[in-house]
Amino acid sequence: MNDRVLHLSGVHNFRDAGGYSIPDGGRMRKGAVWRSGQHHGATDADLEAIAAIGLTSVFDLRTSKERAMHPCRRPSDFAARIAFAADPQVRHAPHLAAAQTARHRTAQSTRESLRLNYSRICARPELQAMIRGWLDELASGSGPSLVNCMAGKDRTGIAVAMLHAALGVHRDDIMADYLLTNSAGDVEARIASGAETIRAITGQLDDAVLRVLMGVEAEYLETAWSAIDESHGSLDVYLEQVLEVTPQKRERLREVLTQH
């Protein structure tokens, strides 16, 4: 699946979320939905490649502190609408929160912290609001859209998983897209870039802990699914009641984002 990865030097985990099968026999349109980490380190060549995509909207899921510390570089004459997330009461990304939870951190305790954060992530009002707005934007059919956070793996991973679920993408493909973070592009450069951000906020961390923080595991997303089932009964109920994906909006998303 690495043909969906846009190989950039200073922006990591930048990839096309399309191409997956849809139940009616079509596929999710490629080139319409993109996901990535932050663009603070974008090179001029990266900006040219991003400009060529023709984005009409960007949904930046980072907090104001994250954006201030690592402002995104944009192509010249960048005209896409940029939506920013409101600051949550808990101000750090899941992996940053996990980095701060234990004084004596180990790889295992960090995994446990991430699982705990994923049990709560879908209940975060600011993330719910951004996903609702993003799905509305996609349903409008206005053009290619990008969703990003710091590493493009947790908040972004949940947002893309919700879109895929709304379209009817198979759960196995949703998981595969989520896990692609671990192999997309230059993995070592991605980890090093994330380590710089994490250490700036949390202090020095063991390399093994950093690698856990910068990766994803199936059990994290499965924990989020389970939390939704427990709180709302099913993912479909959550999509409709919380993210406002009505049957009409779901049909509109499929019309806009499916190709046969």
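The values are calculated or read from the model by the stated rules, or taken from the named source; none is laboratory data. All values derive from a computational prediction rather than experimental measurement. As a convention, Cβ positions derive from the backbone with ideal geometry for all residues, glycine included, and neighbour counts pool all protein chains shown.
Remarks
- Residue within the range 5-21 that is closer than 26 Å to residue 141 by Cβ, assigned to a loop (DSSP other than H, G, I, E, B), in contact with a Phe, Trp or Tyr (Cβ under 6 Å, 6 or more places away or on another chain) and not basic (Lys, Arg) present: yes
- Residue ID - surrounded by the fewest Cβ atoms within 10 Å (Cβ to Cβ), chosen from residues in the range 168-189 that are farther than 20 Å from residue 3 by Cβ and either in contact (Cβ under 8 Å) with a residue 40 or more places away in the chain or not acidic (Asp, Glu) (or both): 171
- Within the range 12-21, being under 18 Å from the mean Cα position of the chain (by Cα) and either surrounded by fewer than 22 Cβ atoms within 10 Å (Cβ to Cβ) or not charged (D, E, K, R) (or both) holds for 12, 13, 14, 16, 17, 18, 19, 20.
- Leading residue by the ranking (farthest from the chain's Cα centre (by Cα)) among those in the range 197-219 that are surrounded by 14 or more Cβ atoms within 10 Å (Cβ to Cβ) and among the charged types (D, E, K, R): 211
- Looking only at the range 112-157, residues that are surrounded by fewer than 22 Cβ atoms within 10 Å (Cβ to Cβ) and in contact with a strand residue (DSSP E or B) (Cβ under 8 Å, 6 or more places away or on another chain) come to 5 in all.
So that you can scan it fast, the table gives a plain yes or no per residue for (1) under 27 Å from residue 25 (Cα atoms); (2) of a type in the set (S, T, N, Q):
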| site | (1), (2) |
| --- | --- |
| 158 | yes, no |
| 165 | yes, no |
| 181 | yes, yes |
| 202 | no, yes |
| 213 | no, no |
| 225 | yes, no |
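Per-residue answers, yes or no, for (1) touching a Lys or Arg at 6+ places or on another chain (Cβ under 7 Å); (2) within 18 Å of residue 246 (Cα to Cα); (3) touching a residue at least 60 places away in the same chain (Cβ under 8 Å):
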{"site": "105", "(1), (2), (3)": "no, no, yes"}
{"site": "110", "(1), (2), (3)": "no, no, yes"}
{"site": "116", "(1), (2), (3)": "no, no, no"}
{"site": "127", "(1), (2), (3)": "yes, no, yes"}
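Conditions tested, residue by residue: (1) surrounded by 14 or more Cβ atoms within 10 Å (Cβ to Cβ); (2) charged (D, E, K, R); (3) free of Cβ contacts under 8 Å to residues at least 24 places away in the same chain.
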position	(1), (2), (3)
221	yes, no, no
237	no, no, yes
241	no, no, yes
249	yes, yes, no
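- Among the strands (runs of 3 or more DSSP E) confined to the range 22-91, the ones with at least 2 residues that are surrounded by fewer than 17 Cβ atoms within 10 Å (Cβ to Cβ) and of a type outside the set (Gly, Ala, Ser) are located at 81-84.
- Residue within the range 15-35 that is at pLDDT below 95, small (Gly, Ala, Ser) and out of contact with any strand residue (DSSP E or B) (no Cβ under 9 Å at 6 or more places or on another chain) present: yes
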